[in-house]
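Only one structure is covered here, and it is reproduced in the block below.
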Amino acid sequence: MDKIIKAGICSYGMSGNIFHAPFIHVHPGFSFTAVVERSKHTAQQRYPDVKVYASVEEMLQDASLDLIIVNTPNYTHYDYAKAALNAGKNVIVEKPFTVHTHEGQELIELAKSKNLLLSVYHNRRYDGDFKIVKQVIQSGDLGDILEAEIHYDRYREELSYKKHKEASLPGTGALYDLGSHLVDQALLLFGIPDAVWADIRIIRKDSLVDDYFELVLFYENLRVRLKSNYIVREPLPSYQFHGRKGSFIKTKADMQETMLQQGLMPGAPGWGIEAINEWGLLHTEKDGQVIKQYLPTPKGNYLDYYDDIYNALAKGVPNPVPPSEGLNVIRIIETAFESNKAGKVIPVKK
């Protein structure tokens, strides 16, 4: 490729190790140049040429870096993204974009003033299961959608070993963590709702952060329910859509995270290919005929996000996840917490 984008990753925990470094490494347009590891140098065991810095501040002084991935704890996203932009770097921020909307708005204005790319890593847009959901809805096979439900459930009674995820800090808990994915997908499919109702709870023993939520997004002729529960041993289908003509039911079965945790690199045999038994069920009517069939799932690939980022930086094509879309997610989350506290439906500020 004509341009090689040198990237630095702010942390080499699960996010850096699993969701960023492998894709930057295999993409021919990127160079995994630097990473922050305060004590261990585990990144160099897999990527011997990577430079290791002891702090984000130190890494930002590296003039060779073109792109910084901010994948530190949620409450630090605003500070580190701001510092990176002020250092003249293009920035990818892990979801959630920021904790508060005013922080996100400030970052958007800062990036614009410096003519720098600012993007949010909403990688679940590139899951195979969500790709087939989009295809079905856009096809019109369900008719006008009247009800939708998206789940992201787990069975995990024990607290996470990642202490920052279980501490009572700004931006922690299931709604900011898993809820960011669900809200982003709902907004992509249906746009900004008119109002939000939310029930946000703590259900695990000794937990200090929310680990259960149910949101209802109100549209004129549609209700969208977003749910997550950490104590679900036998989950329901993750995607349920019901329209005037038919229904579509689908599990959340993208295999990329599992393959990455196994140490495989993007592009390995079978990458992102879903098992046939996980295909979604379409039950509808076409030309007077009732149809009930399982639809093959497109291949999931988070590398497409980095391909889109490369094209945005090197060729000037649109940002695949502009920060305004990440900001809309935070706006819905803030509205949900307001609803939960007030015990009523809250209009969304637009």
Legend entry - Given (1) open to solvent by 40 Å² or more (accessible area, probe 1.4 Å); (2) assigned to a loop (DSSP other than H, G, I, E, B); (3) not β-branched (V, I, T), number of the condition H283 does not satisfy: (2)
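Looking at the stretch 91-107 only, could you name the residues that are β-branched (V, I, T), in contact with a Gly (Cβ under 9 Å, 6 or more places away or on another chain) and either in a helix (DSSP H, G or I) or within 11 Å of G326 (Cβ to Cβ) (or both)?
The first filter runs over the stretch 91-107 and keeps only residues β-branched (V, I, T), leaving 91-93, 98-99, 101.
Now restrict to residues that are in contact with a Gly (Cβ under 9 Å, 6 or more places away or on another chain): 93, 98-99.
Those that are β-branched (V, I, T), in contact with a Gly (Cβ under 9 Å, 6 or more places away or on another chain) and either in a helix (DSSP H, G or I) or within 11 Å of G326 (Cβ to Cβ) (or both): V93, T98.
Tally time: how many residues in the stretch 5-20 are touching a Leu at 6+ places or on another chain (Cβ under 8 Å) and open to solvent by 50 Å² or more (accessible area, probe 1.4 Å)? Walk me through it before giving the result.
Let us first name the residues in the stretch 5-20 that are touching a Leu at 6+ places or on another chain (Cβ under 8 Å), namely 5-8, 18-19.
The next check asks that each one be open to solvent by 50 Å² or more (accessible area, probe 1.4 Å); those that pass are 6.
Here the count works out to 1.
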Legend entry - Unmet requirement for I203, which otherwise passes all of (1) in contact with a helix residue (DSSP H, G or I) (Cβ under 7 Å, 6 or more places away or on another chain); (2) farther than 28 Å from S324 by Cβ; (3) open to solvent by 20 Å² or more (accessible area, probe 1.4 Å): (1)
Inset, instruction - Just give me the residues in the stretch 207-230 being open to solvent by 40 Å² or more (accessible area, probe 1.4 Å) and either touching a strand residue (DSSP E or B) at 6+ places or on another chain (Cβ under 6 Å) or within 17 Å of V183 (Cβ to Cβ) (or both), in sequence order. - result: F218, R223, R225, K227
Legend entry - Residue that is under 21 Å from Y306 (Cβ atoms), at pLDDT below 95, acidic (D, E) and open to solvent by 20 Å² or more (accessible area, probe 1.4 Å), where the choices are D66, D2, D49: D2
Inset, instruction - Within the stretch 138-190, work out how many residues are open to solvent by less than 20 Å² (accessible area, probe 1.4 Å), among the small types (G, A, S), within 30 Å of K286 (Cα to Cα) and part of a helix (DSSP H, G or I). - result: 1
Legend entry - Checklist (1) open to solvent by less than 40 Å² (accessible area, probe 1.4 Å); (2) under 18 Å from the mean Cα position of the chain (by Cα); (3) of a type in the set (S, T, Y) applied to Y75, failing item: (1)
Inset, instruction - Residue by residue through the stretch 28-51, note down the ones that are touching a helix residue (DSSP H, G or I) at 6+ places or on another chain (Cβ under 7 Å) and farther than 21 Å from M265 by Cβ. - result: V36
Inset, instruction - For the stretch 331-342, state whether one or more residues are assigned to a loop (DSSP other than H, G, I, E, B) and among the β-branched types (V, I, T). - result: no
Legend entry - Leading residue by the ranking (most open to solvent (accessible area, probe 1.4 Å)) among those in the stretch 242-270 that are of a type in the set (D, E, K, R) and either out of contact with any Phe, Trp or Tyr (no Cβ under 9 Å at 6 or more places or on another chain) or part of a strand (DSSP E or B) (or both): R244
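The values are calculated or read from the model by the stated rules, or taken from the named source; none is laboratory data. Note that the coordinates shown come from a computational prediction; the quantities given were computed from them, not determined experimentally. Reconstructed Cβ throughout: ideal geometry from the backbone, glycine too, with neighbour counts over all protein chains shown. For the accessible areas, the whole protein counts, side chains as well, though only heavy atoms, and no ligand, DNA or RNA atoms are used. Shrake-Rupley method; radii C 1.70, N 1.55, O 1.52, S 1.80 Å.
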